[in-house]
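All of the numbers you see were taken from the coordinates with simple rules; none came from a lab. Bear in mind that the values here come from a model prediction, so they are computed numbers and not experimental data. Please note: Cβ atoms are built from the backbone with ideal geometry, for glycine as well, and neighbour counts cover all protein chains shown.
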Amino acid sequence: GDAEDAGGDEGTRKNPYAIGTKISSENWDTTITNVTLDATDEVLAENEFNETPDDGNQYMMIDVEMTYTGDEPDGEMPMATFEYVSAGGNTFDGLDDMVVAPNALDTLENMYNGASTSGSIAIQIPSEDAEAGVLAVNPDMFADKGLFGIKCGDSSVSSSSLPTRLTGSVADNSRSSGTHEQPAWSSRSDC
């Protein structure tokens with residue numbers, strides 16, 4: 001038993017959450033709304049200083065929505081972390097590259113209860129078997145990590161055909177009750 005290897009636990013490598021599932025910490029609700037496995041062209045076009053990925057790599061783009069649910073009188077800045085975990089277990093967080101994603105997520109804005117922000121994050125990942133990895137998301141520095149599937153046919157995704165860029169609408173994921181609803185997916189044939 002390691003929890004990460006337990007097939008029945010949701011939010012693990014073997015049983016990841018679906019894109020569009022909201023995860024929550026004490027102060028933040030975080031939702032991955034889209035994933036583009038190969039967004040290299042978009043990332044390179046966004047900023048002249050964005051560097052070409054290393055040979056055998058590509059830029060993945062993650063679209064995220066975050067809502068501050070805490071009640072700190074001085075508010076908080078978003079402190080979520082987003083990582084790509086390859087099928088072999090290697091982690092890529094994008095901190096080595098520091099590229100500007102299109103519609104980049106603003107993590108410097110101080111937010112107060114009920115405020116939301118959305119945007120994109122770019123991470124350089126290996127191109128080979130990119131669809132076999134998962135996303136590891138921490139809603140804030142002190143929260144538990146949730147893992148999200150990113151590929152077509154993932155057990156956490158509905159059985160309809162999905163494109164490489166996944167989109168969904170979010171229902172509720174209440175951590176305290178341990179329940180959440182999977183998003184409703186639109187059927188597309190380009191997967």
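Below, the figures for the structure above:
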| item | result |
| --- | --- |
| Förster-model FRET efficiency, 22 Å R0, GLU26 and SER118, C-beta, rounded to 0.05 | 0.60 |
| LYS14 versus ASP55: modelled label distance in nm, points set 7 Å from Cα along the beta carbon direction | 3.8 |
| Low-density loop positions, chymotrypsin sites (Phe, Trp or Tyr not before Pro), the range 106-149 - DSSP coil, at most 13 other Cβ in 10 Å | TYR112, PHE142 |
| Euclidean distance between Cα centres, the range 81-144 to the range 26-43, Å | 7 |
| Chymotrypsin sites (Phe, Trp or Tyr not before Pro) within the range 10-103, DSSP loop, no more than 16 other Cβ atoms inside 10 Å | PHE49 |
| In the range 1-84, GluC sites (Glu not before Pro) in a DSSP loop with at most 14 other beta-carbon atoms within 10 Å | GLU26, GLU48, GLU51 |
| Residue-span extension gain [MET141 to GLU76] - 0.36 nm each, minus C-alpha spacing | 22.2 nm |
| With eigenvalues of the C-alpha gyration tensor scaled by 5 and rooted, the range 1-122, Å | 25, 23, 11 |
| Residue-span extension gain [LEU108 to SER86] - 0.36 nm each, minus C-alpha spacing | 5.1 nm |
